[in-house]
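Trainee: Structure below; questions to follow.
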Amino acid sequence: MSETQSLITAGLTALAALLAVLAALLLAGRAARAAGLGPRAGRRLAVEETLPLDGRRRLLLLRCDDRRLLLLTGGGADLVLGWLPPDSPAP
């Protein structure tokens, strides 16, 4: 077998392997969505924004339905700072 033929064979083998990996990723993504692991329409709970305060603590703005919640995490205990009014504009 000549050097050109072995290069072509190696290239085709690499291309086939790449296509097999991409197909496996596509199938895994579809299986994850079918199992409910992917993004869903009409989600009720979402993290709208996070703000790191220092190395351990962060402030989170969560949305649940039409209400927003300020939450402080990372200290000795997580703290609910309060619910914002439902008609308040997003920051």
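The values are calculated or read from the model by the stated rules, or taken from the named source; none is laboratory data. All of these numbers come straight from a predicted model, not from anything done at the bench. Using ideal geometry, Cβ is built from the backbone for each residue, glycine included, and neighbour counts are taken over all protein chains shown.
Trainee: Just one of ALA32, ALA41, ALA90 is surrounded by 10 or more Cβ atoms within 10 Å (Cβ to Cβ), out of contact with any Pro (no Cβ under 7 Å at 6 or more places or on another chain) and modelled with pLDDT under 90; which is it? Steps first, please.
Mentor: Values: ALA41 fails: surrounded by 10 or more Cβ atoms within 10 Å (Cβ to Cβ); ALA90 fails: surrounded by 10 or more Cβ atoms within 10 Å (Cβ to Cβ).
Sole residue among the options that is surrounded by 10 or more Cβ atoms within 10 Å (Cβ to Cβ), out of contact with any Pro (no Cβ under 7 Å at 6 or more places or on another chain) and modelled with pLDDT under 90: ALA32.
Trainee: Might you check whether a residue that is within 28 Å of ASP78 (Cα to Cα), within 19 Å of the chain's Cα centre (by Cα) and assigned to a loop (DSSP other than H, G, I, E, B) occurs anywhere in the stretch 43-63?
Mentor: yes
Trainee: Does LEU37 satisfy being within 30 Å of TRP83 (Cβ to Cβ) and either in contact (Cβ under 8 Å) with a residue 60 or more places away in the chain or touching a Leu at 6+ places or on another chain (Cβ under 8 Å) (or both)?
Mentor: no
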